[in-house]
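I have placed the structure first, in the form of structure tokens, so that the comments after it can refer back to it.
The values are calculated or read from the model by the stated rules, or taken from the named source; none is laboratory data. On a predicted model such as this, the values are computed, not experimentally measured, just so you know. All Cβ positions, glycine included, derive from the backbone under ideal geometry; neighbour counts span all protein chains shown.
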Amino acid sequence: MLFTAADLASRLPSGLGPVQVVASTGSTNADLAVAAREGAAPGSVKVAFHQSAGRGRFTRRWEAPPGSSLAMSVLVRPVLPVTSWGWLSLLTGLAVADGIQAATGLVPELKWPNDVLLDGRKVCGILAERAAPDLVIIGMGINLTLTADQLPVPTATSLALAGSSASALDVAAGVLGAVAAHLAEQRDLDALKQAYDRRCATIGRRVRVVESETSAVEGLALGVDAEGRLLVRVGDRVVPFAAGDVWHLR
């Protein structure tokens, strides 16, 4: 294993834990969902260096060679109103970007709603899922050492390909520490929005938003509202999107 639960727990702030670290599992989100039903406390963390049944948005499969990526999930009790829970994925993206920068010196950008980019390529995806009426699981999949031949799609990258030699422990501790910090700031949406706007490469660009195989629109991304929805000017209308695949247009 790249590090142990004790290694990681010793570097996390209070409020996160207990920590479980495994070499491989089906899905850290699914594992925490079971733990939540069994009474796990908010702040519980599950980490794996390989997922055999990892999932992205829209139930897409996500898998990488063992030891080349970092899958982490955190059980959260949000303080945001339910109408603003869309912000949980956004603040997690912000935390991942901040944590990666602290650990590696690289400067990630964000693509709404849940991708972390390096040089325009995806290095991390995020999946937030409701685990109970008042609990949410936030899952993160970070590409650590994938080679160019191992990338699942040409638009992906890894920390190593971007030039980082940071350890998996440094990355995990940096990201989870930033997640804890941003979760503590949930009530200050104005501050979170300002920080997100600075990191988000989507805002201010022309985009194509694909909602389904038969529905897509193009327009100018104006910003994100209080519910975490992307606001896009389409013709003379401003259309809010709560979900969808976003393509940055040139």
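Considering the conditions (1) surrounded by 19 or more Cβ atoms within 10 Å (Cβ to Cβ); (2) outside any strand (DSSP E or B), ALA243 is excluded by exactly one of them, (1). Of the numbered criteria (1) small (Gly, Ala, Ser); (2) modelled with pLDDT under 95; (3) over 20 Å from the mean Cα position of the chain (by Cα), the one GLY219 fails is (2). Examine the stretch 47-62 for a residue that is within 26 Å of ALA226 (Cβ to Cβ) and either acidic (Asp, Glu) or in a loop (DSSP other than H, G, I, E, B) (or both), and state whether such a residue exists. Yes, because at least one residue in the stretch 47-62 is within 26 Å of ALA226 (Cβ to Cβ) and either acidic (Asp, Glu) or in a loop (DSSP other than H, G, I, E, B) (or both). Of the numbered criteria (1) assigned by TED's automatic domain parsing to the domain that holds THR92; (2) more than 30 Å from THR4 (Cα to Cα); (3) assigned to a loop (DSSP other than H, G, I, E, B), the one LYS193 fails is (3). Across the stretch 6-30, the number of residues qualifying as in a helix (DSSP H, G or I) and hydrophobic (A, V, I, L, M, F, W, C) comes to 4.
Filtered by the rule that a residue be at pLDDT 95 or above and under 23 Å from ALA64 (Cα atoms), the stretch 1-25 gives PHE3, THR4, ALA5, LEU8, VAL19, GLN20, VAL21, VAL22, ALA23, SER24, THR25. Restricting attention to the stretch 90-123 and to residues that are of a type in the set (Asp, Glu) and either not in a loop (DSSP other than H, G, I, E, B) or not assigned by TED's automatic domain parsing to the domain that holds LEU161 (or both), the residue that is surrounded by the most Cβ atoms within 10 Å (Cβ to Cβ) turns out to be ASP115. Within this structure, ALA172 passes the test of being more than 25 Å from VAL239 (Cα to Cα), touching a strand residue (DSSP E or B) at 6+ places or on another chain (Cβ under 9 Å) and either in the same structural domain as TRP85 (by TED's automatic domain parsing) or among the aliphatic types (A, V, I, L, M) (or both).
Scanning the stretch 124-158 for residues that are surrounded by fewer than 15 Cβ atoms within 10 Å (Cβ to Cβ), aliphatic (A, V, I, L, M) and assigned to a loop (DSSP other than H, G, I, E, B) yields a total of 1.
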